[in-house]
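Undergrad: One structure follows; several queries about it will come next.
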Amino acid sequence: MNLSNSSIEFTANRMSKAQAQFVDRELRKAKNVDIICHDTTDKDAANSALAMWEYLNNIGVHSRIIISQKNPKLLNLRTYNFNIVQSNDKDEIEKVKPDIAFCVDFGSEKRISPIVYEHILKAPKIMGFDHHKDLDIAKDGYIQFQEPIENSQNILSSAPFYSDKSAKSATSVIYRYFEALDKKFSKDIAYDLFFGFISDCNKKGLVVCDGNKGTIIACDELKKDKNAYEIYQNLRKMLTDEDISFMAKKIDIMADLTDEEKSFSDSLYKKINFSKNGKVAYVAIAVDDEEWKSLGEDNIRTSAILNNFRRNVLKLYPDVKVALVFYKAEGAYRISIHSKDFNLDEFYDYAKDNIDLDFSLGGHSDRGGGKLSSLDIDTCNGWIEKIVDCFNDLT
Ligand SMILES: [Mn+2]
């Protein structure tokens, strides 16, 4: 499929050719590239990494993928035949000093461990493709595709770290990269890009993945977004019904829960707490919760259960604007948030100004998360209380 022949309107979301070629030239100059995924690596990050790994491999550039999932097989990637490094394996990470640290699906140091952050800073060049807004890793400036880019001079003088906030996934930005380069990409890469796209769209309720039927259906909200839907359709065309069925089953984790997972999921609804004004619903899974431990703590399956829970809560309770879950993950105490009719950007700033603890927050305007760098039970409880108070003030 030659993407240059597709009838794509020039929009903010289309990467310019000069921009893409700039990235491409930098990548081709490199001998070693480390592709870096964010903490609690999800399918968008991992599939973005895999597509970039495949591309780099094709142009003869050696690369590794740094991932934080303890069990990467839970990500159900197309292949595991690549150089994978665990994000907590300092020795292995430090064996290579890459020419480029290439960040996918995150631009903020808050979303990676200190070991990985240190490693990134040692690379002469920090580049990446992202769809988030916090880009503190790209210190010297970056391009956000918010409006059509006209002056290629400005583009080339900026750091080649690109984020398109309007993109539905990091894999969408990579799609735009290949498109701008007029590259025909393989079906394998299309598979990776689509899997990441669908996974992030599913989190936002933009597609319905039915694991029992093996189908993926685009919702009206996705269809209304011309740029996103165009990517969806173009990638879908390159895949078979079997591919779609496999992805639907792997994403629709709720259709395929074990008894233990089912009972955990049900128990969340019995543990709901509400803020004083009734606008916030939350569940706090204790640091030492045995059930959470036995399910393997935070992984792609438990994360899907918690995600489903938050979205259901917003539907079940008309007055609730914010659904929160607190849980232990990768040595920190985390929060995940979904909101309706409430812009979380306001909350991120407010909480940072009003809570005097060592924590981070960020994400999108309707879903996000953060972590507290303490597992002390009293500190965690204090954090929960203060977070809920912030929302109580704002909603
Ligand atoms: Mn993403």
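Undergrad: Is it true that some residue in the stretch 101-115 is open to solvent by less than 20 Å² (accessible area, probe 1.4 Å), modelled with pLDDT under 85 and farther than 17 Å from GLU26 by Cβ?
TA: No, there is no match, as no residue in the stretch 101-115 is open to solvent by less than 20 Å² (accessible area, probe 1.4 Å), modelled with pLDDT under 85 and farther than 17 Å from GLU26 by Cβ.
Undergrad: A further question on this structure: Name the residue, out of ALA190, ALA170, that is within 16 Å of the ligand (Cβ to nearest atom) and not polar (S, T, N, Q). Lay out the reasoning, then the answer.
TA: Numbers: ALA190 fails: within 16 Å of the ligand (Cβ to nearest atom).
Step by step, each of ALA190, ALA170 is checked, and only ALA170 is within 16 Å of the ligand (Cβ to nearest atom) and not polar (S, T, N, Q).
Undergrad: I would also like to ask the following. Which of the residues spanning the stretch 6-46 are at pLDDT below 90 and not in a helix (DSSP H, G or I)?
TA: SER6, SER7, ILE8, GLU9, PHE10, THR11, ALA12, ASN13, ARG14, MET15, SER16, THR40
Undergrad: Another question, then. Right, ALA281: open to solvent by less than 20 Å² (accessible area, probe 1.4 Å) and closer than 30 Å to GLU179 by Cβ or not?
TA: Spelling it out, it is not the case that ALA281 is open to solvent by less than 20 Å² (accessible area, probe 1.4 Å) and closer than 30 Å to GLU179 by Cβ.
Undergrad: Name the single residue that is least open to solvent (accessible area, probe 1.4 Å) among those in the stretch 31-45 being more than 10 Å from the ligand (Cβ to nearest atom) and over 17 Å from ILE137 (Cα atoms).
TA: THR41
Undergrad: Looking at the stretch 312-325, can you tell me whether even one residue there is open to solvent by 20 Å² or more (accessible area, probe 1.4 Å), at positive phi and touching a Ser or Thr at 6+ places or on another chain (Cβ under 9 Å)?
TA: Within the stretch 312-325 (the criterion being open to solvent by 20 Å² or more (accessible area, probe 1.4 Å), at positive phi and touching a Ser or Thr at 6+ places or on another chain (Cβ under 9 Å)), the answer is no, since none of the residues qualifies.
Undergrad: Follow-up. Kindly indicate which of SER365, SER336, SER303 is in a strand (DSSP E or B) and at negative phi.
TA: Numbers: SER365 fails: in a strand (DSSP E or B); SER303 fails: in a strand (DSSP E or B).
Exactly one residue qualifies, and that residue is SER336.
Undergrad: Also, I was wondering about something else. Pairs under 7 Å by beta carbon, first residue acidic (Asp, Glu) in the stretch 160-173, partner in a loop (DSSP other than H, G, I, E, B) and more than 9 Å from the ligand (Cβ to nearest atom), six or more apart or different chains?
TA: ASP164/ASN13; ASP164/PHE145
Undergrad: Of the residues in the stretch 75-95, how many are of a type in the set (A, V, I, L, M, F, W, C) and either surrounded by fewer than 16 Cβ atoms within 10 Å (Cβ to Cβ) or farther than 24 Å from ALA329 by Cα (or both)? Working first, answer last.
TA: Narrowing the stretch 75-95 to residues of a type in the set (A, V, I, L, M, F, W, C): 75, 77, 82, 84-85, 93.
Right, trim to either surrounded by fewer than 16 Cβ atoms within 10 Å (Cβ to Cβ) or farther than 24 Å from ALA329 by Cα (or both) and you get 82.
Count: 1.
Undergrad: Another question, then. Which residue, of PHE161, PHE145, PHE129, is aromatic (Phe, Trp, Tyr), open to solvent by less than 20 Å² (accessible area, probe 1.4 Å) and at pLDDT 90 or above?
TA: On the way: PHE161 fails: at pLDDT 90 or above; PHE145 fails: at pLDDT 90 or above.
Selected residue: PHE129, the only one of PHE161, PHE145, PHE129 that is aromatic (Phe, Trp, Tyr), open to solvent by less than 20 Å² (accessible area, probe 1.4 Å) and at pLDDT 90 or above.
Undergrad: Search the stretch 219-251 for residues being in contact with a Lys or Arg (Cβ under 9 Å, 6 or more places away or on another chain) and farther than 21 Å from LYS187 by Cα, and hand back the single one that is most open to solvent (accessible area, probe 1.4 Å).
TA: Checking each candidate, the answer is GLU221.
Residue-wise test of (1) assigned by TED's automatic domain parsing to the domain that holds SER294; (2) of a type outside the set (Gly, Ala, Ser).
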site: CYS209; (1), (2): no, yes
site: LEU235; (1), (2): no, yes
site: THR240; (1), (2): no, yes
site: ASP243; (1), (2): no, yes
site: LYS250; (1), (2): no, yes
site: GLU261; (1), (2): yes, yes
site: LEU268; (1), (2): yes, yes
site: SER275; (1), (2): yes, no
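Undergrad: Which numbered condition in (1) within 30 Å of PHE185 (Cα to Cα); (2) open to solvent by less than 30 Å² (accessible area, probe 1.4 Å) is the only one that PHE264 fails?
TA: Against the list (1) within 30 Å of PHE185 (Cα to Cα); (2) open to solvent by less than 30 Å² (accessible area, probe 1.4 Å), PHE264 comes up short only on (1).
One line per residue, one yes/no per condition, for (1) modelled with pLDDT of 95 or more; (2) surrounded by 15 or more Cβ atoms within 10 Å (Cβ to Cβ):
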site: SER4; (1), (2): no, no
site: SER48; (1), (2): yes, yes
site: ALA51; (1), (2): yes, yes
site: GLY60; (1), (2): yes, no
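The values are calculated or read from the model by the stated rules, or taken from the named source; none is laboratory data. Nothing here was measured: the structure is a model prediction, and the numbers come from that model. With ideal geometry, Cβ positions are generated from the backbone for all residues, glycine too; neighbour counts draw on all protein chains shown. With ligands, DNA and RNA removed, areas are computed over all heavy atoms of the protein, side chains included. Shrake-Rupley method; radii C 1.70, N 1.55, O 1.52, S 1.80 Å.
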